[in-house]
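Colleague: Input: one structure, supplied below.
FYI, it's all coordinate maths here, none of it is from the lab. As the structure is a prediction and not an experimental result, all values here were calculated from the model. Reconstructed Cβ throughout: ideal geometry from the backbone, glycine too, with neighbour counts over all protein chains shown.
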């Protein structure tokens, strides 16, 4: 009986080193198949996406004060102000979460909503050129400077995200990493469309030193 009872102990003594060896072989095999690279690039995509969301949220937070300030001097520009407000509401209606990266349709809606807000804000800044008192308002100047800085940071964050997704998607399409990606459920991630990236990267800038065109007089007759 004692002889037989020593067998399980002997097997147990061999089990740990065998498991350790198998894990080492598995780790080496996964590394050779691109698993580590996929993991690193996946984390880079998530980090860059988080920064994109932070900067877009920063811009959205500026909109209410900007609209209210412009309204105080240019209330007749209701159409422009309404479009900015509606665009901001549309952005807010979309849940900007990491899950967007696994839903191309939701991602496309998010991108379209942000593009609409960019366009509406651009129009608002152009219209503000016609109101000298608005341009000289300290609060407006501060908000406009904050908006310009935020737009620049959005561009940087978008470009970083675009590059990280391109690298990640290239890796999981390439052999043998594509086999590893399929085995562990890694899928391609949606990217921003770059067709209009040059236009997006140049947000409008208001030249406070320029002489504005005179605002149309209320009730003027031909």
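Colleague: Between residue 78 and residue 47, with labels modelled 7 Å along Cα→Cβ, what's the label distance in nm to one decimal, could you check?
Modeller: Placing both labels 7 Å along Cα→Cβ, they lie 5.0 nm apart.
Colleague: Also: Can you give me the convex hull volume of the Cα atoms of the stretch 55-144, divided per residue and expressed in Å³?
Modeller: Spelled out: Cα convex hull of the stretch 55-144, divided by residues, is 78 Å³.
Colleague: Mean shadow of the stretch 18-200, computed from the convex hull of its alpha carbons, in nm²?
Modeller: 12.4
Colleague: Could you tell me the calculated FRET efficiency between residue 182 and residue 97, based on Cβ-Cβ distance and R0 = 35 angstrom, to the nearest 0.05? Before the final figure, lay out each step's value.
Modeller: On the way: r = 25 Å, r/R0 = 0.71.
About 0.90, to the nearest 0.05.
Colleague: Please give, to one decimal in nm, the separation of the simple spin-label points placed at residue 108 and residue 122, each 7 Å out from Cα toward the Cβ.
Modeller: Distance between label points: 2.2 nm.
Colleague: Counting only the backbone N, which residues of the stretch 96-129 are under 17 Å from the spot 7 Å out from the Cα of residue 89 toward its beta-carbon?
Modeller: Residues 113-114, 116-118, 120-121 fall inside that zone.
Colleague: Continuing with this model, one more query. When the Cα centres of the stretch 55-127 and the stretch 146-179 are compared, how far apart do they sit, in Å?
Modeller: Taking the Cα centre of the stretch 146-179 as reference, the centre of the stretch 55-127 is 22 Å away.
Colleague: Let me ask something else about it. If we sort 113-123, 35-45, 182-192 on the protection proxy, mean other Cβ atoms within 10 Å, highest first, what's the order?
Modeller: Output ranking for 113-123, 35-45, 182-192: 113-123, 35-45, 182-192.
Colleague: Moving on. If you average the sequence gap of Cα pairs under 8 Å that are 6 or more apart and divide by the length of the stretch 18-200, what percent do you get for the contact order?
Modeller: It rounds to 36 percent for the stretch 18-200.
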